[in-house]
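The values are calculated or read from the model by the stated rules, or taken from the named source; none is laboratory data. What you are looking at is a predicted structure, and each value in this text was computed from that prediction instead of being measured. All Cβ positions, glycine included, derive from the backbone under ideal geometry; neighbour counts span all protein chains shown.
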Amino acid sequence: MRLARHGFLLGTLSLFVVAIEVRAATTVKVMLEDPSSDSSVKGMEMKPDRTSAPAGKVTFEVHNSSKALVHEMIVVKTDAPPTALPYDKKKNEVDEDKIKSLGEVSELPPGKSGSLTLDLKPGAYLLFCNQAGHLQGGMWTRFEVTAH
């Protein structure tokens, strides 16, 4: 009986230790803004509530606060500046066939939200909107993923 009780306690303790190792996704809230969002916004802006997260699952909750424009958020692993991305001047956007996008919250109408969960490794990332002219207008931000 005593041995069975110890076995039960050890089993319970093992489950508890395993449960501690499982990490919940880090949530990053991202606001996509332009001058129609608010009179204080002077250009295209991508505003995350944090600029880094630990490696692992990261959920981006993206909200387009514009009253007039469609926006999106694309995630690319790179430490290069946005100007280094392959840009199609005729379309006024990044050529998405020539980059390795890890995922996106695509084409959010004004006032709408979307989310994206990725399993990210340590390194530098670029988040940007690829609607025509938006990247060049400043709708991008850096994001850093750190080791645990």
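Checked against (1) touching a residue at least 24 places away in the same chain (Cβ under 8 Å); (2) farther than 30 Å from A147 by Cβ; (3) among the charged types (D, E, K, R), E45 passes all but condition (2). If we scan region 21-38, do we find a residue that is of a type in the set (S, T, N, Q), modelled with pLDDT of 60 or more and part of a loop (DSSP other than H, G, I, E, B)? Within region 21-38 (the criterion being of a type in the set (S, T, N, Q), modelled with pLDDT of 60 or more and part of a loop (DSSP other than H, G, I, E, B)), the answer is yes, since at least one residue qualifies.
Can you tell me which residues in region 62-98 are outside any loop (DSSP other than H, G, I, E, B), under 17 Å from T141 (Cα atoms) and acidic (D, E)? Result: E72, E93. Scanning region 115-123 for any residue that is surrounded by 13 or more Cβ atoms within 10 Å (Cβ to Cβ), more than 25 Å from A24 (Cβ to Cβ) and at pLDDT 95 or above turns up nothing.
If only one of K89, K67 is closer than 15 Å to G133 by Cβ and either surrounded by fewer than 17 Cβ atoms within 10 Å (Cβ to Cβ) or free of Cβ contacts under 8 Å to residues at least 40 places away in the same chain (or both), which one is it?
Working: K67 fails: closer than 15 Å to G133 by Cβ.
Result of the check over K89, K67: K89.
Determine whether region 79-87 contains at least one residue that is of a type in the set (V, I, T) and more than 20 Å from A25 (Cβ to Cβ). Yes.
Collect the residues in region 107-123 that are of a type outside the set (D, E, K, R) and closer than 28 Å to A147 by Cα, keeping them in residue-number order. Walk me through it before giving the result.
Step one: list which residues in region 107-123 are of a type outside the set (D, E, K, R), which gives 108-111, 113-118, 120, 122-123.
If the condition is that a residue be of a type outside the set (D, E, K, R) and closer than 28 Å to A147 by Cα, then G114, S115, L116, T117, L118, L120, P122, G123 are the ones that fit.
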